[in-house]
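Let me begin by presenting the structure, written as structure tokens, before commenting on it.
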């Protein structure tokens, strides 16, 4: 662990929310109970009006800020969460949760099915964004949070923030949607499907029962992560970072040549197999594919937003080709057509979809300004 | 076989060129001999001035036009080659060759190594674009073709046409470079590397000796093709073709759902495993990665073109993100800076990189006009 500084929330410990009642999923399955692991940063004020919910993306988890005992690296959104930062923990109470179906402590494929005494594995039901939002609302109840000052997320996390504004209109004052989309494109689905194929065709996948059979689909998971990673980066960003430099060997000995970008991807792929569960990866990509907040309004996104009461901040990044600014514009246009209060900005960045995880000054400044204003209007003026 | 029509070259048979002398490759390996399988369409005139060479792309082969006995489908560039077509076989003698290292009849990983009596398999040496061009020049010698009226290719084929103009400046009157690039980007290399990883990590790859061991890396080859295919299509083109329609099942039974685009990719991937060799695929993608015509001029593409004598036609397609119009512009800019005669056009198409294989009117018209003019200037005015 690096020495804590004044802008970090410092040492944090995960907390566990145990929901001991049946929980019905969108696909009809009923979970007899579930756990959610989460972290909080800052203090909930007396009026319980300063809570912000962080929703994580495809391969994310609850550990968004600060340090776990013994860890050298902080949470994945450390530069955005802490005293004086965009999500200022001197003012805000930040809640960050690992989603249902995850592999970092919340109930998911690795958990034991209480009905059978065996791990769920591939039998874990397919959860969708609506299920995550519903389970997060139960966590909010548990924390006595009646409404969130803001629900914030990037990518798949932005989809949850969007769904929150529709499913719980009175519980969300602000929805911050970053680098996201109201629906996947065919290309998005195609890349997800190739990643799933890589996993499920790995002989070590064993129809999803790899843990029982004491193996792991490392090859497939590695490929899936490599595919994902290329789509998270921009062509120009990769060019600037890796160029076309050889890492080893000479082009005259072609068999031994490795390009810098290859070695980077291999590293990314290999390290992912150490920390992520294949069944969870399949489940999360399916949740992405199925996301469709306009499904209940016959595909009409404007109608879907009709009941929303939140103010919206929609942000995207110029070189993001996975969820391009055009996809954000579709959300903004629907919000405007629905007569909602929406601010939006496109941030210049060469880092593609990954931008939403990076400390880009104009991005974090915009987030800080928006949340400061929201705090001033909703919390300070009414008294904490 | 469909009924031959007046615009098809009709029934064709492959021919074999056997080069019985040692052939030194760029990486230092010497092939003791090699075969190239090829086809020709039209008649070589007496002056031998009307020959056009077709160079194929990553997964292509020599069968570009007409029908093989018993086949229902014509060659891969049927709409561009034939009587009255862009490559008009009433005027031109078109030569189409399967590249060295291929898997359609030319010497490659499936061939027997005369030194060992065993199939080359993974031991087949890495050939690069310069090697292909050199071997094609030997075929031209065999056919008594001193110079080509045009060398034409798309994608990896365009790279060969480009290299021809540099390596044999006096043997190429016109170089037609379609949807290509002077060098791959880091993103291009990344996608190629993921495809290679998919193949080489397939347990059935057996370190490349899958044929001897009577297996085939179908899973890996299928994934490689699926990855390639997504990069050949544009986001908008996929959206128009597949939308986000479900093929089967209902979203409430998430496990059984399949999107149209998934089923399309599965089909593409599976059928590819029937007709392509994994070692050849690895070799071809490496040749793409290594392509660098400016390597001998310290990265200076303008200097690389200095000796070129050809006229150039450079074509690209608006939605091609694998080899975008920007990459073609780099070639055009270098040709202009080198004082060469270059025409270029960007064709509107929603079909991404695949456009170069499709019958797009403005594209085939531009090609026809260019080649007609070249024929009139070089052949007709001087007498056939």
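Every number here is computed from the coordinates shown, using simple stated rules; none is lab data. Bear in mind that the values here come from a model prediction, so they are computed numbers and not experimental data. Note that we place each Cβ from the backbone using ideal geometry, even for glycine, and neighbour counts take in every protein chain shown.
So the values come out like this:
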quantity	calculated
Efficiency of FRET between residue B:142 and residue A:336 - r from beta-carbon atoms, R0 56 angstrom, step 0.05	0.25
Alpha-carbon Rg/Rh ratio, for the range B:337-384, with Rh computed the Kirkwood way	1.10
Convex hull volume of the range A:280-336 per residue (C-alpha atoms, cubic angstrom)	116 Å³
Cα principal axis extents for the protein assembly as shown, largest first, Å	96, 55, 52
Calculated FRET efficiency for the pair residue B:247/residue A:24, C-beta based, R₀ 35 Å, to 0.05	0.80
Top of A:34, A:23, A:305 by mean-square fluctuation, Gaussian network on chain A, Cα under 10 Å	A:23
22 Å tail of the calculated P(r), the range B:189-286, as % of Cα pairs	38 percent
Chain B: C-alpha pair distances exceeding 39 Å, %	15 percent
Mean separation of Cα contacts under 8 Å (6+ apart) over length of the range B:123-254, as relative contact order %	16 percent
18 Å cut-off, amide nitrogen to a point 7 angstrom out along residue B:239 Cα→Cβ, residues in the range A:162-192	A:179-192
Calculated [θ] (222 nm, deg cm²/dmol) that DSSP helices of n ≥ 4 give over chain B, each run adding -39,500 (n - 2.57)	-10000 deg cm²/dmol
Simple spin-label estimate for residue B:345 and residue A:214 in nanometres, 7 Å along Cα-Cβ	6.7 nm
DSSP-defined beta bridges in the protein assembly as shown - what % are antiparallel, rounded to 5	35 percent
Peptide A:42-54 - average C-beta neighbours from other chains (10 Å radius)	0
Mean-position separation - Cα centroids, the range B:1-73 and the range A:187-238, in angstrom	39 Å
Computed label-point distance, nm, for sites residue B:270 and residue B:43 using a 7 Å Cα→Cβ extension	4.7 nm
Beta bridge orientation in the range B:13-140: antiparallel %, DSSP, nearest 5	65 percent
Pairs of Cα atoms farther than 24 Å apart, the range A:1-133, %	36 percent
Where the Cα pairs of the range B:253-348 fall when distances are cut into 5 Å bins, in %	2, 10, 12, 14, 15, 13, 10, 9, 7, 3, 2, 1, 0
Position residue A:326, label points 7 Å along Cα→Cβ, spacing to each other copy in nm (shortest first, one decimal)	1.5
Whole-number D in µm² s⁻¹ for the range B:117-229, Kirkwood Cα-pair radius fed into Stokes-Einstein, 10 °C, 1.306 mPa s	97 µm²/s
Ranked list, fewest to most other Cβ atoms within 10 Å of each Cβ, for A:85, B:247, B:183	B:247, B:183, A:85
10 Å Cβ neighbours from other chains, averaged over peptide A:194-207	4
Average beta carbon contacts from partner chains per residue of A:209-222, 10 Å cutoff	1
